[in-house]
Amino acid sequence: EGAGGDEPLVRSCACRGQAGFAHTRCLIASAQHDWRSWWACPTCKQNYTGGVQIALARAWFAQVEGRSEDDDERLSAASCLAQALHQSVGDFEGAQRLFAGVLRVQRRTKGDDNEATLTSIFSLVNCQRMLRDAPDNLALAEEALKTARRVKGAVHHQTLNAMSLLAEVYADNDKLSQALPLARKSLYWKRLTLGNDHFDTLISIAGLGALYSDLNDLRKAQPLLEEDLASSRRLLGAGHPSTLTSMSNLATLRCDQGHKEEGLELMKAAVQGFTKVLGA
């Protein structure tokens, strides 16, 4: 037990063997000396998930909450907590308030064209996709792509991420014919510039696969969703939330194709995985 006292060891990252387990309070203590450790393992570089993610994010924000809202570390901690609320708790309203507050400050202090402002727009749009009432989401996604193209260039990774995001928001608004060319173009350039194993490429593979599913083109959706799951398992691990989401997407597809037994087994495994992660 050591420094962790009675606190149980938890698997916190993708490090192999015993190196992947730690006491949460020890991770918080370690993060005092390396601010990047508030959200990611310094060894394997994988972002924390589940209970570890939310515990670290809350501890960091509690330390800096009393500072000026313009303080850079406070902005980073607020974004980190918002991400944890979004990903590990499902508190989308709480995450939205934090993301919107960070974006408001960054527009005022850094300007609309700043990279941090652009990243905050991405985060807010992604969060608001989970909420039914977000009338500004399409305008924000369109702004993000327009700004990224102007500031970063046509094939910069942030531009390609903005392209993927806008495709998803178009799909959310039943604008599938507008979403498809953006999703295809984004994936093409990500494969070319980032490689097939980059996390951003996996997001686009999953997004295009989901879009083909929405269009009922299951033949084109299947290889993309299978590739996404196989790569996520290999690169992120079987229990990572992104891998579990990939598993859920493929499960739905297999059910739609009439392979209900296979689909239900995949969905059962995904649900069990999410229960374990969120209950960590």
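The values are calculated or read from the model by the stated rules, or taken from the named source; none is laboratory data. Because the structure is predicted, anything quoted here is derived from the model rather than measured. FYI the Cβ positions are ideal-geometry reconstructions off the backbone, even for glycines, and counts take in every protein chain you see. When the accessible area is computed, the model is the full protein with side chains, heavy atoms only, and any ligands, DNA or RNA have been set aside. Shrake-Rupley method; radii C 1.70, N 1.55, O 1.52, S 1.80 Å.
Is it the case that some residue within the stretch 2-23 is surrounded by fewer than 20 Cβ atoms within 10 Å (Cβ to Cβ), at pLDDT 85 or above and of a type outside the set (S, T, N, Q)?
no
Would it be correct to say that ASP197 is under 18 Å from the mean Cα position of the chain (by Cα) and charged (D, E, K, R)?
yes
Select from the stretch 86-140 the residues that are among the polar types (S, T, N, Q) and open to solvent by less than 30 Å² (accessible area, probe 1.4 Å) and write down the one among them that is modelled with the lowest pLDDT.
SER88
Can you name the residue in the stretch 190-226 that is in a helix (DSSP H, G or I), touching a residue at least 24 places away in the same chain (Cβ under 8 Å) and of a type in the set (D, E, K, R) and, of all such residues, is nearest to ALA154 (Cα to Cα)?
LYS190
Quick one: in the stretch 237-280, which of the residues that are open to solvent by 60 Å² or more (accessible area, probe 1.4 Å) and of a type in the set (Lys, Arg) is farthest from ASP197 (Cα to Cα)?
LYS260
Can you confirm whether LEU244 is in a helix (DSSP H, G or I) and over 22 Å from HIS86 (Cα atoms)? Full working, then the answer.
On the way: in a helix (DSSP H, G or I): yes; over 22 Å from HIS86 (Cα atoms): no.
In short, no.
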